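The structure under discussion appears below in the form of structure tokens.
The values are calculated or read from the model by the stated rules, or taken from the named source; none is laboratory data. Since the model is a prediction, treat every value here as computed from it, not as a measurement. Cβ placement follows ideal geometry from the backbone for every residue including glycine, while neighbour counts extend to all protein chains displayed.
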Amino acid sequence: MQAGQPAATARAVLPDLHLLTRDTAAEGRCLRQLAGWAQQFTDRVVLQPPQSLLLEVAGSLTLFGGAETLRHRAARELSDLGFAVTAAIAPTPAAATALARIGRGECLTRRADLAESLADLPLSALTIEAQALDDLQASGLHRLGDILALPAAALARRFGPDFITYRDRLLGRRPDPRQPYQPPRRYEGELELPAPADTAAALGFAARRLLRELCGQLRAMDAGVTRCELMLTHRDADPTRVTLGLRAPGRDPDHLGRLLDDRLDRTPLPAPVDGLRLRATGFVPLEQPQQSLLPTTDDSQWQRLHETLAARLGPGAIRGLAVVADHRPERASRAVDPGTPSQASDNRPRPLWLLHAPETLPAGLVPDRTSAGLTLLAGPERIESGWWDSRDMRRDYYVAATADGARWWIFRDRDGWFLHGLFA
Amino acid sequence: MTGSVADLLRHPDIWRGGAAADTPGLPSGFAALDQRLPGGGFPANGLTEIIPESAGAGELGLLLPALIAAIEQGRHLLWVAPPHLPYAPALATAGLDLTRLATVTTEAAPDALWAAEQGLRAGAIVVLWAADFTAPAARRLQLAAEAGNRPGFIQRPPGMPADPRLPAALRLRLAPGPVVHVRKCRGRAGFQVDLSRSVQARMRAAGNQSDTRDALALPVAAGTGAGRPLPARHA
């Protein structure tokens, strides 16, 4: 089969042929999605529909370890994202485009040698009208070198002044300004699955493509997100939504991927999934922290641990602990977001464990004059509150020792004796 | 075959009498205990199993000096499935920086084990309260402790009989006091250390003045009258 064949001819050759309609709108969305990804290399990315992107990387070469390293990295990331790609670098946008169009993944960096290096390019590599190409080939011209050998005046007469402009831009003899793409400060990427999937592993794998794009765009903008939402679409059911939350703005695709795996493991699916859509808004600038304030590995691992645990166990499962300046024992210790600083505490005797609720002391342990069940070691400490906090309370607290030597925090109020804490 | 013998000897189930302590431990902060523990402290990248004879036998106080010192070196603490509420004022008074502590509550034991494993692997010092604790779970946590190079402390329910089949680098029984009975540790026979004096000295130093006076005089049973039946549950 050949490109440009009528569908009927193709079907005659291959009766089982599965024909798909080209969706140019989807191609455009995809190209913009990739332009977002490309922002990590440079902020000057130009869309060249239908299928190429131009990146002005002259200013990024040192950062990425040279032209060839950068080219490899871009090509590898794109092929990880599932695209067939040719990445070429050249001193002019038109030359890089020409190389990529015919699959020559090369890296030309010397402007002086450009004409020579491009001389053997077939004319099909050029971004010119099909009619012009036919005319050139009909004139017996097949390689770029053939054209470069001709005088400009003759070419202009034959193929028009635009062609001369194009040739000069190709070789860097004339400026070639392009309008860079302005990525939005949000991300929305979608992915159709080749076949419906219902395992967390398959979905996680597919979703990583989108996460990598999102994180590429975030890196480019020196930004991070604290939330993103993945929508799993089903053919015959409402979409399933999975939300990922981070404690601090982040953009590490591997970390987000692991969080997502945990969530997917625990998300029931009404039906197999045929597509994914990832959305993130609220990009937060990530300033480069001062050198001395860089978090240690311990600190960043600790942040990630919270996210990992919260993703699987729920956001309320992991809590910090803080002292609150409140004389009521139950209120003086509070579950808070981990890392919340404490208020000042006084140094009264307090147990390491507080019971969830005070427990009535068994009759045999009530400390009175005759019982040997508990020995009072310290107290009483009167703790009172009244109508102002809606819980009328008057308690006398004691530290007491049990017969086997454990120390308890007990109190007496008008209802009797209670165990409230353990000096563990 | 020599490799497999060496592997076998590294197994936490196996300890060799008198073998030299391999790695420095995490000092417990109690000199009497550290002097006798291999490596001079709790296993720094292994599991310590703690079985109090009764609730409140000192199972937290025993760990506090080591945990506080570790925090000062930049570590973080993860307490998984504590049976009661860790009480912030007491911990703060003891000198523990609460901003570096997180607690995890879970619905099911497997989640608690998973959280403890994640914590160790992420380089946190983990204290896990576990009633059900099987040998495979212990081995997973041991591996996590080695991977994260952090100590893990397994707190068992009070009075539970020790299960010698469980791998743990160190197994302690705590009688109130606390008196520490070391049931198992690498390279040493079991022994017993009474820490009651040092713990009380520490409590006093931290302002926790519950000294061991003998019985206090009780005020005469207050207005409601002695002998009144106790309510079943406090409101």
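Remarks
- Of the listed requirements (1) under 30 Å from residue A:403 (Cβ atoms); (2) surrounded by 17 or more Cβ atoms within 10 Å (Cβ to Cβ); (3) in contact (Cβ under 8 Å) with a residue 40 or more places away in the chain; (4) within 11 Å of chain A (Cβ to nearest Cβ), residue B:179 misses just one: (3).
- Criterion: out of contact with any Gly (no Cβ under 6 Å at 6 or more places or on another chain), surrounded by 19 or more Cβ atoms within 10 Å (Cβ to Cβ) and among the hydrophobic types (A, V, I, L, M, F, W, C) - qualifying residue of A:278, A:230, A:269, A:210: A:230
- Number of positions in the stretch A:314-330 that are at pLDDT 90 or above and surrounded by fewer than 22 Cβ atoms within 10 Å (Cβ to Cβ): 3
- Hits in the stretch B:67-81 (condition: over 18 Å from residue B:27 (Cβ atoms), assigned to a loop (DSSP other than H, G, I, E, B) and more than 8 Å from every other protein chain (Cβ to nearest Cβ)): B:81
- Breaking point among (1) more than 8 Å from chain B (Cβ to nearest Cβ); (2) modelled with pLDDT of 85 or more; (3) buried (at least 19 other Cβ atoms within 10 Å of the Cβ), for residue A:333: (1)
- Of the helices (runs of 4 or more DSSP H) contained entirely in the stretch A:156-272, those carrying at least 1 residues that are touching a residue at least 60 places away in the same chain (Cβ under 8 Å) and under 27 Å from residue A:95 (Cα atoms) fall at A:161-170, A:200-220.
- Matching residues in the stretch A:45-55 - criterion: being closer than 18 Å to residue A:216 by Cα, touching a strand residue (DSSP E or B) at 6+ places or on another chain (Cβ under 8 Å) and without any contact (Cβ under 8 Å) to a residue 60 or more places away in the chain: A:53, A:55
- Test: residue in the stretch B:45-66 that is under 16 Å from the mean Cα position of the chain (by Cα), modelled with pLDDT of 90 or more, in a loop (DSSP other than H, G, I, E, B) and surrounded by fewer than 19 Cβ atoms within 10 Å (Cβ to Cβ): no
- Taking residues in the stretch A:338-352 that are facing chain B (nearest Cβ under 7 Å) and of a type outside the set (A, V, I, L, M), and partners anywhere that are part of a loop (DSSP other than H, G, I, E, B) and surrounded by fewer than 19 Cβ atoms within 10 Å (Cβ to Cβ), the pairs with Cβ atoms closer than 6 Å and at least 6 places apart or on different chains are A:347/B:207.
- Criterion: more than 26 Å from residue A:184 (Cα to Cα) and free of Cβ contacts under 8 Å to residues at least 60 places away in the same chain - qualifying residue of A:70, A:61, A:108: A:108
- In the set A:365, A:374, only one residue is more than 8 Å from every other protein chain (Cβ to nearest Cβ), in contact with a Pro (Cβ under 7 Å, 6 or more places away or on another chain) and at pLDDT below 85; that residue is A:374.
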